[in-house]
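What follows is a single structure, written as structure tokens, with notes after it.
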Amino acid sequence: MSVYLDFEKPLAAIEGEIRAMQEVIGESRAPELKAELRRLQEKARAMLGDLYDNLTPWQKTQVARHPRRPHCLDYIADLMDEFTPLAGDRLYAEDHAIIAGVGRFCGRSLVVLGQEKGHDMESRMKHNFGMARPEGYRKAMRMMDLAEKFSMPIVSFVDTAGAYPGIGAEERGQSEAIARSIDRSLSLRVPNIAIVIGEGGSGGALAIAAANRVFMLEHAIYTVASPEACASILWRDPASAKSASQALKITAEDLLDLGVIDGIVEEPLGGAHRGRAQTIALVGDLLDKELRQFDNVSPARLSAERKEKFLAMGRDVPIMTAAMARRRKALKRGKSSRGRRFRSLKTLKR
Amino acid sequence: MNWIKNVVRPKIRGVFQKRSAPDDLWKTCPACKAMLFQQDLKKSFQVCGECGHHMRLAPVERFRLLFGDSSYDRLTPPKVPADPLRFRDEKRYRDRLKAAREKTGAEDAITVAHGAIMDVECVVAVQDFAFMGGSLGMAAGEALVEGVSWAAERKVPLLVVTSSGGARMQEGILSLMQLPRTLAALQALSEAVLPYLVLLAHPTTGGVTASYGMVGDVHMAEPGALIGFAGPRVIEQTIREKLPKGFQSAEYLLDHGMVDMVVPRAEQPEILARLLRLFLNRSGRVSKRRVAKHDSAFPKPAQQ
Ligand SMILES: [Zn+2]
């Protein structure tokens, strides 16, 4: 089943035409029909490339939240061997919004953390739409302790609208849990890598993303407040979410420019939801490469470098200038002509 | 250190008090609606004499409360890039900043000073809700980071008085990054075994509670202060029900184990000083006779 986003409506029309034509053609070998079909397919492909190379921050927000986008558990299923989920914070409860466990990736054992939004009504309810309570963050801290004890790197798949705003969550110290989780991440003597795979929603995302390396998928967003929340506070009008998404600078490119993230994982044509296996494979590729870089780094340096990185955020910040925007535009033109990479899963899972 | 030190002497404090001394003589208590004499409110550090309600306290007043009449140094942190996102909502961020600076006379939401709380030397960082809702941006982050290094260099404790609606949205992701940034700075203080105390004033929510506001060695809160991660309005919208009375109040947090004590302003300096003396293992208010007795009866502690 395909789900079209609002801005994909023109594409939906063409793809509908294509489907209708395919049915008409059936077994017929009429060459002019076939040619017309190819022309339409080519047109759809070009339109898709065009749309996705020029997504506005608000469109990216929709893509980042796309229900068919690969989620934390999809990455784990494809990339990890022997993944063993672990549960509970040993204090109060198990929080299904945060997935935690140990597994093997490219031969090395590691700890995996991530927010899971769920893929249908039932699983969304179970995972609380990826919005964690204090228990989730305390479980994450438990995992960080484990990782450090057994010298295992940590990989976080970040995908949440934010921490859950509820009575129980507040009662049990939502803010304290997030603060401690960030604090624990910073002092870790093992390497940690975070990838924002969809939505990086404020402190609830950051709790598992204060990492040595932070990456974002091309159409993921990472923001201090959701565009909707920002709009209702600063514009006093939730309908201004589009303007807020523009002003907040939430795209992967923006964050790379601002020095907040270390790199971007390019998504397949039409976004991660149109090439799920491909996207996951590309992320796996990156993780393997990045993890290797920490192989001979001392535990003390891992923690010190991580802290220095975050301590510098706010001191030497580039101001968003017109020159920056021009450079980016030029880069973009270069990109659209470049072919999309694809690597099979087999090469990753030795 | 690129601090510019300005010694603020009690006598010239009047200069900074434009804001806290409005023309009218009376003020209505927002809690009990009693008419209060401004002159009395100043003496009581903005605590209602009728019902004990704690009103907003400007940083200069806060320093007067904590440091008494002794002099203190105000610290000027290095400037940070202003408006990196060129942010504009209904107004330009630059204009909002300018207005906030004019209104408060401060550079940004956090003011840092170095003085003595009842003879215990301490660096105190005060967050001012009047400055754009006390929001945490790069400048406030810088003030805290510098405050921490000031404390660490002088080997004195740090007290942060929080009051903030959270991150400064006009600085986008860079304001969110002040959470790990301030936490990273505080780890240095912890490694130096220097006490870090938090005094939570009304209101403290969002990013501030999700970082330096909730990792103190001791959490003290002001009576009636609203403290929480999500604001009450957001929670009500999410769960679609009215919140219980007193939810997220200082007293409620005390009941739920998130703060150590709720202390009215009049008692704050003494308790803070006592805690700091104990953590620093200094002798407090004990009579000489009792100290001597203690010395003869027990072996002296080995440390220090
Ligand atoms: Zn009153």
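Figures for the structure shown
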read-out	value
Sole residue being assigned to a strand (DSSP E or B) and either free of Cβ contacts under 8 Å to residues at least 12 places away in the same chain or touching a Cys at 6+ places or on another chain (Cβ under 8 Å) (or both), chosen from B:ALA99, B:ALA125, B:ALA116	B:ALA116
Residues of segment A:270-283 classified as crowded, with 17+ Cβ neighbours inside 10 Å and over 13 Å from the mean Cα position of the chain (by Cα), total	5
Yes/no for B:ASP83 being more than 15 Å from the ligand (Cβ to nearest atom), part of a strand (DSSP E or B) and among the acidic types (Asp, Glu)	no
Search result, residues across segment B:28-61 that are without any contact (Cβ under 8 Å) to a residue 12 or more places away in the chain and more than 22 Å from B:SER163 (Cα to Cα)	B:LYS33, B:MET35, B:ASP40
Elements of type helices (runs of 4 or more DSSP H) contained in segment A:147-236, each with 1 or more residues being within 14 Å of chain B (Cβ to nearest Cβ) and over 18 Å from B:GLY228 (Cβ atoms)	A:174-187, A:202-206, A:227-230
Qualifying residue in segment A:286-298 (condition: out of contact with any strand residue (DSSP E or B) (no Cβ under 8 Å at 6 or more places or on another chain) and either at the interface with another protein chain (Cβ under 10 Å from one of its Cβ atoms) or surrounded by 23 or more Cβ atoms within 10 Å (Cβ to Cβ) (or both))	no
Residues located in segment B:1-33, provided they are surrounded by 10 or more Cβ atoms within 10 Å (Cβ to Cβ), away from the ligand (no atom under 16 Å from the Cβ) and modelled with pLDDT of 55 or more	B:LEU25
Hits in segment A:5-51 (condition: closer than 21 Å to A:LYS242 by Cβ and in contact with a Leu (Cβ under 7 Å, 6 or more places away or on another chain))	A:PHE7, A:GLU8, A:LEU11, A:LEU51
From the options B:LEU65, B:LEU57, B:LEU36, B:LEU41, residue that is in a helix (DSSP H, G or I), aliphatic (A, V, I, L, M) and either within 14 Å of chain A (Cβ to nearest Cβ) or within 16 Å of the ligand (Cβ to nearest atom) (or both)	B:LEU41
Complete set of residues in segment B:44-54 that are near the ligand (Cβ under 10 Å from one of its atoms) and either aromatic (Phe, Trp, Tyr) or part of a loop (DSSP other than H, G, I, E, B) (or both)	B:CYS48, B:GLY49, B:GLU50, B:CYS51, B:GLY52, B:HIS53
Hits in segment B:235-250 (condition: outside any loop (DSSP other than H, G, I, E, B) and more than 17 Å from B:VAL198 (Cβ to Cβ))	B:ILE235, B:GLU236, B:GLN237, B:THR238, B:ILE239
Residue in segment B:162-174 that is closer than 24 Å to A:GLN246 by Cα, touching a Gly at 6+ places or on another chain (Cβ under 8 Å), surrounded by fewer than 24 Cβ atoms within 10 Å (Cβ to Cβ) and assigned by TED's automatic domain parsing to the domain that holds B:THR209 present	yes
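The values are calculated or read from the model by the stated rules, or taken from the named source; none is laboratory data. This is a predicted model, so every value here is computed, not measured. Cβ coordinates were reconstructed from backbone atoms using ideal geometry, including for glycine residues, and neighbour counts include every protein chain displayed.
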